[in-house]
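Heads up: the structure comes next, in structure tokens.
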Amino acid sequence: MTEEYDVEFVEREDREARFLVRGVTPAFANGIRRAMIADVPTMAIDTVRFVENSSVMFDEQLALRLGLVPLTTPPVGEFVEDDTVTLSIDVEGPATAYSGNLVSSDSLVQPADENVPIIDLKDGQRLEAEAEVVLDRGKNHAKHQGGVAVGYRHLQRVEVVGDVPEFEEPDERIVRGVIEDDGELVPTSEFDHDLTNRYPDQEVAIEDVPNAFVFHVETDGSFTVEELVTRAAETIEARATELEEAVQL
Amino acid sequence: MSYKCSRCKRDVQLDEYGGVRCPYCGHRVLLKERSRDVKEVGVQ
């Protein structure tokens, strides 16, 4: 850390959030981003046993679709990476098989969304299968990625430096993310990402605020944004501890 | 090997000398029946 460390939420929902982190280096910000994508273990289907599949799709195609259904991930300590949970599905046409039709053997592991379509079954078609769910990391397979859209931008400070000369047509000034205006954090979506909407007829100067990053994090529903960020930080800590112990040997 | 005639939907057993033809209706398009075994597929 380079200076006083500070976190401030700009937008906050269960699955999506935007927050400002001050006092971290670009390397640390990128480390957190990568940990959120690749290092936080989540539950996903690993093998599927098809008892009956008279749908129009091959077993392998359906297995891939089932593998990509986001599942809720239990709290840390409830499962280790070798434990399995069984999900089963039995749908007969005419009907659409949805993720909500998956029945879990463990209440902690459920489909995060009920309305993910798996296959449309016509009259007389049937899908009956059992699936094994395992805990693994995004770096091994994308189906285990808890963070689906994780990125960050520099916080940008905007200052009014003068007026646009009279009779001059102002150009668009497009910025994306969050700006800091006199200490206030303003998402650029509030003024359609165009500074001329917020500062009409004024000249503005934009600069990146050093070591201040605005993260935009979206999860697949495995857990909340807070949990994803916390678990990502814990994986970095665990690896740092592992390195420390290895060096001391 | 068990097949099903695509026209009359009846079960057909193919033998070595009979050729690919439904013995009931003479149709030449036969569909292979799915095995009743449970099939395990990995999600990779």
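Go through region B:17-37 and give me each residue that's assigned to a loop (DSSP other than H, G, I, E, B), modelled with pLDDT of 85 or more and among the charged types (D, E, K, R).
Residues satisfying the conditions are B:ARG21, B:ARG28, B:ASP37.
List every residue pair whose Cβ atoms lie under 8 Å apart, where the two residues are 6 or more positions apart in sequence or sit on different chains, the first residue falls within region B:23-44 and is farther than 15 Å from A:ALA129 by Cα, and the second residue, located anywhere, is open to solvent by 90 Å² or more (accessible area, probe 1.4 Å) and part of a loop (DSSP other than H, G, I, E, B).
B:TYR24/B:ARG10; B:CYS25/B:ARG7; B:CYS25/B:ARG10; B:HIS27/B:ARG7; B:HIS27/B:ARG21; B:ARG28/B:ARG21; B:VAL29/B:ARG7; B:LYS32/B:MET1
Could you check region B:26-44 and list, in sequence order, the residues that are away from chain A (no Cβ under 14 Å) and either of a type in the set (S, T, N, Q) or surrounded by fewer than 14 Cβ atoms within 10 Å (Cβ to Cβ) (or both)?
Correct list: B:GLY26, B:ARG28, B:VAL29.
One line per residue, one yes/no per condition, for (1) acidic (Asp, Glu); (2) surrounded by 13 or more Cβ atoms within 10 Å (Cβ to Cβ); (3) modelled with pLDDT of 90 or more; (4) more than 24 Å from the chain's Cα centre (by Cα):
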site: A:GLY147; (1), (2), (3), (4): no, yes, yes, no
site: A:GLN156; (1), (2), (3), (4): no, yes, yes, no
site: A:ASP171; (1), (2), (3), (4): yes, no, no, yes
site: A:VAL175; (1), (2), (3), (4): no, yes, no, no
site: A:ASP182; (1), (2), (3), (4): yes, no, no, yes
site: A:GLU203; (1), (2), (3), (4): yes, yes, no, yes
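Would you point out the residue of region A:190-200, among those that are within 20 Å of A:HIS154 (Cβ to Cβ) and open to solvent by 70 Å² or more (accessible area, probe 1.4 Å), that is farthest from the chain's Cα centre (by Cα)?
A:ARG198
Count, please, the residues in region A:120-175 that happen to be of a type in the set (Asp, Glu) and in a strand (DSSP E or B).
7
Under 26 Å from the mean Cα position of the chain (by Cα), open to solvent by 20 Å² or more (accessible area, probe 1.4 Å) and not assigned by TED's automatic domain parsing to the domain that holds A:ARG22: which single residue out of A:ALA240, A:ALA246 fits that description?
The match here is A:ALA240.
So A:GLY23 ticks every box in (1) touching a Gly at 6+ places or on another chain (Cβ under 7 Å); (2) within 23 Å of A:GLU234 (Cβ to Cβ); (3) open to solvent by less than 10 Å² (accessible area, probe 1.4 Å) but one. Which box is left unticked?
Going through the list (1) touching a Gly at 6+ places or on another chain (Cβ under 7 Å); (2) within 23 Å of A:GLU234 (Cβ to Cβ); (3) open to solvent by less than 10 Å² (accessible area, probe 1.4 Å), A:GLY23 breaks only (1).
Residue by residue through region A:59-73, note down the ones that are more than 9 Å from chain B (Cβ to nearest Cβ) and either among the aromatic types (Phe, Trp, Tyr) or not in a helix (DSSP H, G or I) (or both).
A:VAL69, A:PRO70, A:LEU71, A:THR72, A:THR73
Can you tell which of A:VAL48, A:VAL7, A:VAL56, A:VAL24 is closer than 30 Å to A:PHE213 by Cα, β-branched (Val, Ile, Thr) and either outside any loop (DSSP other than H, G, I, E, B) or within 14 Å of another protein chain (Cβ to nearest Cβ) (or both)?
Checking each option against the conditions leaves just A:VAL7.
For B:LYS4, state whether it is under 11 Å from the mean Cα position of the chain (by Cα), within 14 Å of chain A (Cβ to nearest Cβ) and open to solvent by 100 Å² or more (accessible area, probe 1.4 Å).
no
Restricting to region A:205-225, count the residues that are under 11 Å from the mean Cα position of the chain (by Cα) and open to solvent by 20 Å² or more (accessible area, probe 1.4 Å).
Number satisfying all stated conditions: 4.
If you take the residues of region A:74-99 that are of a type outside the set (S, T, N, Q), more than 14 Å from chain B (Cβ to nearest Cβ) and over 27 Å from A:ARG231 (Cα atoms), which of them is most open to solvent (accessible area, probe 1.4 Å)?
Among residues in region A:74-99 that are of a type outside the set (S, T, N, Q), more than 14 Å from chain B (Cβ to nearest Cβ) and over 27 Å from A:ARG231 (Cα atoms), the one most open to solvent (accessible area, probe 1.4 Å) is A:GLU92.
The values are calculated or read from the model by the stated rules, or taken from the named source; none is laboratory data. Note that the structure is predicted; figures quoted are calculated from it, not measured. FYI the Cβ positions are ideal-geometry reconstructions off the backbone, even for glycines, and counts take in every protein chain you see. Areas reflect the complete protein model, heavy atoms only, side chains present, ligands, DNA and RNA absent. Shrake-Rupley method; radii C 1.70, N 1.55, O 1.52, S 1.80 Å.
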